[in-house]
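Undergrad: Here it is, the structure in full.
The values are calculated or read from the model by the stated rules, or taken from the named source; none is laboratory data. This structure is a prediction, so every number in the text was calculated from the model and none was measured. Cβ coordinates were reconstructed from backbone atoms using ideal geometry, including for glycine residues, and neighbour counts include every protein chain displayed. Side chains are part of the model used for accessible areas, which takes the heavy atoms of the whole protein and leaves out ligands, DNA and RNA. Shrake-Rupley method; radii C 1.70, N 1.55, O 1.52, S 1.80 Å.
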Amino acid sequence: MWALWPTPANAALQESLQQQIGRFAVPGASWQAVQTIRLSGVRLQYAQFSSSESPLTVVRALSDHATVFQRVLTTRGAIILSGLGAGQHWLAEIHAHAAGTTGRVSALPLGRDAKSAHGHAPTVPYEWLPSGAATRFSYHDADVAGNVLQHIFSIPMPADAVSAYVSERLRTDGWVIDPLLASASGHNAWHRRGKQLVLGAATHGEASMLYVYQQQ
């Protein structure tokens, strides 16, 4: 649903989705925490909401923000608002619900600043990863018990070599493997000072993909 049009992007003009939500003033709306996903290094922010008002009332409230939403599209079961503003593409999905309205608003950076909110590619968050690891997907969910992070990295090494390298680095850093959750096919679980890691490595062409689930 996210279409990209050529537009100048300026990281200094970009504002967070949380800042913009404060201006929407959707009647009767309750917003969930803003979530951030990275897909091949591109950051996508989104927030879900519910409202006791009708979908038409919600659409009118969001449409008042012409600097963010300039287009409207109706589909079966949903109304879609979209637009360009402050170097980002904005999308709102509005659905009718028995108690009123549910929906989601998202913001996707454009142009040269698309790789991150600061205009550069994201850094790899773990020192125990092999050299050459690149972030392909990142998700941070702070709205659940335990603060969950999920990542997928591409690594120019065979999956078994990745598992052996990471296991050695984790042990050096004080992580302890959980034998009850360890399994075949490159999957294992670790814990340290209240934090938990679940790892899974799989071959992907001439390289491998490493899935990391962290709860803290």
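Undergrad: If ligands, DNA and RNA are left out, what is the accessible area of Tyr139 with a 1.4 Å probe, given in Å² to the nearest 10?
TA: Its heavy atoms expose roughly 40 Å² to the probe.
Undergrad: If you don't mind, another one. For Glu127, Glu53, give the ranking by accessible area with the largest first, probe 1.4 Å.
TA: The ordering from most to least exposed comes out as Glu127, Glu53.
Undergrad: Mind listing the long-range amide H neighbours of Asp178? Cut-off is under 5 Å, sequence gap 5 or more, other chains count too, H placed in the peptide plane at 1.01 Å from N.
TA: Placed amide hydrogens put Ala189, Trp190, His191 under 5 Å from Asp178.
Undergrad: For the pair Ala33 and Thr57, what calculated FRET efficiency results from E = 1/(1 + (r/R0)^6), where r is the Cβ-Cβ distance and R0 = 25 Å, to the nearest 0.05? Could you put the intermediate results ahead of the total?
TA: Working: r = 24 Å, r/R0 = 0.95.
FRET efficiency, Thr57 to Ala33: 0.60.
Undergrad: Would you kindly derive the ³J(HN,Hα) couplings of the stretch 43-56 from the backbone phi angles with the Karplus curve 6.51 cos²θ - 1.76 cosθ + 1.60 (θ = phi - 60°), listing them in order in whole Hz, with x for Gly and Pro?
TA: 7, 10, 9, 8, 9, 8, 8, 9, 9, 7, 8, 6, x, 5
Undergrad: Using θ = phi - 60° and the Karplus form 6.51 cos²θ - 1.76 cosθ + 1.60, what ³J(HN,Hα) does each residue of the stretch 169-175 get, whole Hz, x for Gly and Pro?
TA: 3J(HN,Hα) across the stretch 169-175, in whole Hz: 5, 5, 4, 4, 7, x, 7.
Undergrad: What is the distance, in nm, between label points placed 7 Å from the Cα along the Cα-to-Cβ direction at Ala78 and at Asn147?
TA: It is 3.2 nm.
Undergrad: In terms of modelled amide H atoms, which long-range or inter-chain residues lie less than 5 Å from the amide H of Ser208?
TA: Those lying under 5 Å, H to H, from Ser208 are Ile155, Met157.
Undergrad: Check His89: other-chain or 5+ apart residues with amide H under 5 Å from its amide H, H built from backbone geometry?
TA: Correct list: Leu108, Leu110.
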